1. Shape of the range A:247-347 from its Cα gyration tensor (a ≥ b ≥ c, root eigenvalues): rounded if a/c is under 1.5, otherwise prolate when a/b > b/c, or oblate?
2. Hey, for a label at residue A:426 modelled as a point 7 Å past Cα toward Cβ, could you say which residues of the range A:356-376 have their backbone N under 18 Å away?
3. On a full-extension model of 0.36 nm per residue, what is the gain between residue A:209 and residue A:487, subtracting their alpha-carbon distance, rounded to one decimal in nm?
4. At q = 0.13, 0.18, 0.19, 0.20 Å⁻¹, what log₁₀ I(q)/I(0) does a Debye calculation on the Cα points of the range A:244-438 give, no solvent, two decimals?
5. Figure the gain on full extension for residue B:150 and residue B:106 (residue separation times 0.36 nm, minus the Cα-Cα span) and round it to one decimal in nm.
6. Please give the calculated 222 nm ellipticity per residue for chain A, where each DSSP H segment of at least 4 residues contributes -39500 (n - 2.57) and the sum is spread over every residue; nearest 500 deg cm²/dmol?
7. Take every residue in peptide A:290-296, count the Cβ atoms of other chains within 10 Å of its Cβ, and give the average of those counts.
8. Would you give the gap between the C-alpha center of the range B:93-112 and the C-alpha center of the range A:213-254, rounded to a whole Å?
């Protein structure tokens, strides 16, 4: 079967590593990765726990398709209680680390307690031990990976680590693996840092060998790969432009939140688009984009590898940024660019390099910079406080802020708190573009109504990856819906959220869902997991996960009041483009959503709903 | 017609489907450490390069083997390790200038690419055409076509 049937429990306080059998009864109900790890988490952790205390736990989890030949089958997730939001946090990453962990024979690692000193976990198949990380503390994720590979004398070891942001208490620190893949959101890296855990290094040579119906599984993966190859989005658009295929499209429809969401269109969108990444720079005659890039097992390859002009002001004295590295995805190009009015493609790329290098979420970081620039424009924050002139559009401020935040210097300490805490401190909480304390990403709810409902209800705070109704509202996948309409969006969102829960629990990437439906996932899961996995069971699994996460958040203190969008999106109408005059109708959609979910008017799952889902 | 593996690194995305397919074909499991083809990442250049045995015509590994465990498959031209004969002395791993013959501690034998008997699993699994199995006498055909496309000796209707 696809599961390794073994979990590693690491008690950081005691310094012990123990093997446990995977709870197969739970595996049948929660599949793996997001679902199964969240089940373990809610069973073991008090929802009221301080996220940065030793009592919080952190789980790194693979799915049953991780480490197999299923396309995109290399994913792992990190589940914990997030310090940015105080809600359940679940961040998903690709690269090669997840598959390596599975090939070492582990479905997941549960970290508990707090180490008295910096350590890293070293795994070589069934051998796991905590090692001193004094020499790694203070290092970037890039240096950490290099040093571990040298120390182990093994270039094939895979490393997942935190950078200086995670050590310095930046509340949105990532965990970065394979140099530029990240479990990005909600501050899972901050939790890792709070436990004095610097890195996890894995080498797995056992492989995945227990699938009984190997032939059936291989046939299912081949058929599913063909679906991806034949689809215009996964077969052509994403490989060529990456998610950056969206920049011009979303801008033209008037749904690109610009300058801290004061506007919905950015005049510099073209300059920072996927198309622009292909074009030769006037300065050195080279294109920003070097090539596209795949994570483990991925036949889409949406990843970007970029290189900036060595003469660019941001790198002219820093040769370490001269080489090729992880380039801009759409959300990051938006958050580092449109959200603060910067149209300098190389500056955004370097800011993105810094986010990878020191492990911080570019969405929250960029959106926080946007809020700071608005405060600067209003005269609330000054150059003396910030250390740099910070009007909207300043690439210099963006780069300075990235360094300062990653290194915990000067105003960077405050930027590291995220926009909610920062704007509250300076008396303008209305300028924080967040839900449950987390910044929303690159789609304006005034122009795309369904995704606004998605932000408001996402269990990890504002997020596009929990229910990507944009697929329907913009691309017509699986059916076209009017982005300006609120009718029917509650049901649409619920369907997206539930299906996503199944994908996030399988070990595959949610980007497959541009082409795959649950039917394509079902054949692969069913053959890998020894049958009994119908489409209905997978959809119900997603719904069960959603409600389980909701129960955790409710118990942590969240209420219906927290299912809301920033006031700006509800009261300041879009000023240009096809969206002109519109605001978000989130309040209209919310009662319909609660009803569709089987929740009461306060957003609490009813007894009937819980009984139906076996919760 | 003799065929050979042809690798075009420009098309490689680093997905490792080739390594997985190789391990599945030869060991019935998904295991990168059992693969006979490896993809190398040159991170700072943004390049990924698949690399495996080129099946030398005059193969150093075969010449070096003291027990004749490496023999030519007449159908494919592959230099194939016969595990029942191999004594695991590793001399072939020293003789091979390219590092593509490697010792397997689990079995006590060496392993190398054997072209899967004429239907290489890596080429079938590669989603981008970075690894193909083509006419052994015409591995340069793609490059020739590219350069041919750059010649401009005839007037074109649309010019």
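1. Oblate is the answer for the range A:247-347, as a/c is 1.5 or above yet b/c matches or exceeds a/b.
2. The answer is A:364-376, whose backbone nitrogens lie closer than 18 Å to the label point.
3. This chain segment gains 95.3 nm when fully extended.
4. Treating every Cα as an identical point scatterer, log10 I(q)/I(0) equals -0.65, -1.22, -1.34, -1.45.
5. In short, 10.7 nm is gained.
6. -11000 deg cm²/dmol
7. Mean shielding count: 6.
8. 38
No value in this document is a laboratory result; all are computed from the given coordinates. Just so it is clear, the model here is predicted, and its values are computed rather than measured. Cβ sites come from the backbone with ideal geometry, for glycine too, and all protein chains shown count toward neighbours.
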